[in-house]
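In what follows, a single structure is set out as structure tokens and then discussed.
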Amino acid sequence: MMSRFRHLISIEELSKGDVEYILSKADEFEDIAKKSFSDILKGKLLGNLFFEPSTRTRMSFETAMKRLGGEVINLNTAEISSIAKGETLADTIRVVSGYVDTIVIRHPKEGSAKLAAEFSEVPVINGGDGAGQHPTQTLLDLYTIWKEGDINDIRIALVGDLKYSRTVHSLIKALSLFNAEIYLVSPEALRLPIQFREELGNNVVEVDSLEDIIGEINVIYVTRIQKERFPDLDEYHRVAGSYRITRKMLENGEENLIVMHPLPRVDEISPEVDATAHAMYFKQAFYGVPVRMAILSEVMGYG
Ligand code: CP
């Protein structure tokens, strides 16, 4: 069967129809994701190439592949692979794409997934490239919003590190497909880069405080301060701990207000929020499995 897309490097490559298709396929896969198996991808091999730490992206891709009957090989840490001997990313990709049917890559450099796709014989999925994009996270974020309410015309607050968070950079573009009203809440030093604000026009408003709009929104999407992206650690220490979602703040929100976070969390959501009906971040992490099943089966022609 023809795939709707060969690689998945950036969320703009997908039309609204593509996104809706992936969400409905993920819904079909959800029962298998909840501890069952199928043989849709039997005989297929996924290569996980992670050059940066990951728990959810790496493990949920591996879970998704195995629950669909496929196999996975992982690049060992860069220190004990031939990257330590000076091998380029292009050469690594040329070689690994001869071994596997699809590659997932996470890399600290923006643009690395795009470069990988240029040298690969097989589909490449971007599992996060520096402060660039994280399109599979965006699809699971959209799936979470879709499953837990309505994805159209939502009012969403993006809170935290809007400068370096690749999950925000991907999500904000996808939200515009669904006519979202977007509120940006961040410390001055972590504001959304100007090019994103210009692209999004009137659907985006910067506000000083979450408390000012909490009664008007359906979703709060919180991000960690991306310490690893700061060129100067003193700058990080100036903003560390400058925002935190508490149970008390949520008392003024709508009953159906959901709090999302791509995780990992550091201190930006108080653990007391976990026990409230608003907390959606652990379920959101689970949704990574059916969504990545839908993506893998699509790029491998079984969508
Ligand atoms: N959300 C996310 O990308 O998590 P990991 O860094 O653990 O993969």
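The values are calculated or read from the model by the stated rules, or taken from the named source; none is laboratory data. Keep in mind the model is a prediction, meaning the values are calculated, not measured. Positions of Cβ are generated from backbone atoms using ideal geometry, with glycine treated the same way; all protein chains shown enter the neighbour counts.
What the table shows:
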| item | result |
| --- | --- |
| Single condition TYR221 does not satisfy, out of (1) of a type in the set (Ser, Thr, Tyr); (2) over 24 Å from ALA285 (Cβ atoms); (3) assigned to a strand (DSSP E or B) | (2) |
| Set ASP267, ASP274: member being away from the ligand (no atom under 15 Å from the Cβ) and without any contact (Cβ under 8 Å) to a residue 12 or more places away in the chain | ASP274 |
| Tally, over segment 6-62, of residues that are among the β-branched types (Val, Ile, Thr), surrounded by 19 or more Cβ atoms within 10 Å (Cβ to Cβ) and over 30 Å from GLU199 (Cα atoms) | 0 |
| Any hit, segment 244-259, residues being closer than 30 Å to ILE22 by Cα, in the same structural domain as ASP141 (by TED's automatic domain parsing), within 16 Å of the ligand (Cβ to nearest atom) and out of contact with any Asp or Glu (no Cβ under 7 Å at 6 or more places or on another chain) | yes |
| Residue in segment 122-131 that is within 15 Å of the ligand (Cβ to nearest atom), in a helix (DSSP H, G or I) and polar (S, T, N, Q) present | no |
| Test: SER3 is in a loop (DSSP other than H, G, I, E, B) and more than 30 Å from SER176 (Cβ to Cβ) | no |
| Tabulated pairs, segment 230-246, first aliphatic (A, V, I, L, M), second part of a helix (DSSP H, G or I), C-beta under 7 angstrom, 6+ apart or interchain | VAL239/ALA189; VAL239/LEU190; ILE245/VAL273 |
| Test: residue in segment 219-242 that is in contact with a strand residue (DSSP E or B) (Cβ under 8 Å, 6 or more places away or on another chain), acidic (Asp, Glu) and not assigned by TED's automatic domain parsing to the domain that holds LYS42 | no |
| Criterion (outside the structural domain of PRO108 (by TED's automatic domain parsing), among the hydroxyl-bearing types (Ser, Thr, Tyr), under 27 Å from ARG292 (Cβ atoms) and surrounded by 19 or more Cβ atoms within 10 Å (Cβ to Cβ)) met by exactly one of SER186, SER176, SER170 | SER170 |
| Only listed residue being more than 13 Å from the ligand (Cβ to nearest atom) and assigned by TED's automatic domain parsing to the domain that holds VAL259, chosen from ILE103, ILE145, ILE83, ILE93 | ILE145 |
| Residue ID - nearest to the ligand (Cβ to nearest atom), chosen from residues in segment 277-297 that are surrounded by 13 or more Cβ atoms within 10 Å (Cβ to Cβ) and in a loop (DSSP other than H, G, I, E, B) | MET280 |
| Single residue of THR144, THR167, THR138 found to be modelled with pLDDT of 95 or more, in contact with a His (Cβ under 8 Å, 6 or more places away or on another chain) and assigned to a helix (DSSP H, G or I) | THR167 |
| Of residues in segment 25-42 being in contact with a Ser or Thr (Cβ under 7 Å, 6 or more places away or on another chain) and in a loop (DSSP other than H, G, I, E, B), the one farthest from ARG166 (Cα to Cα) | ILE40 |
| Leading residue by the ranking (nearest to PRO108 (Cα to Cα)) among those in segment 65-86 that are in a loop (DSSP other than H, G, I, E, B) and modelled with pLDDT under 95 | THR77 |
| Segment 13-58, residues that are more than 16 Å from the ligand (Cβ to nearest atom) and closer than 17 Å to ASP129 by Cα | GLU13, GLY47 |
| Residue within segment 55-76 that is farther than 25 Å from PHE29 by Cα and more than 16 Å from the chain's Cα centre (by Cα) present | yes |
| Cross-chain or 6+ apart pairs with Cβ under 7 Å, segment 43-64 first and within 18 Å of GLU228 (Cβ to Cβ) and in a loop (DSSP other than H, G, I, E, B), then of a type outside the set (Val, Ile, Thr) and more than 9 Å from the ligand (Cβ to nearest atom) | PHE51/ALA78; PHE51/HIS107; PHE51/PRO108; GLU52/HIS107; GLU52/PRO108 |
| Per-region count, segment 239-250, residues surrounded by fewer than 20 Cβ atoms within 10 Å (Cβ to Cβ) and modelled with pLDDT of 95 or more | 5 |
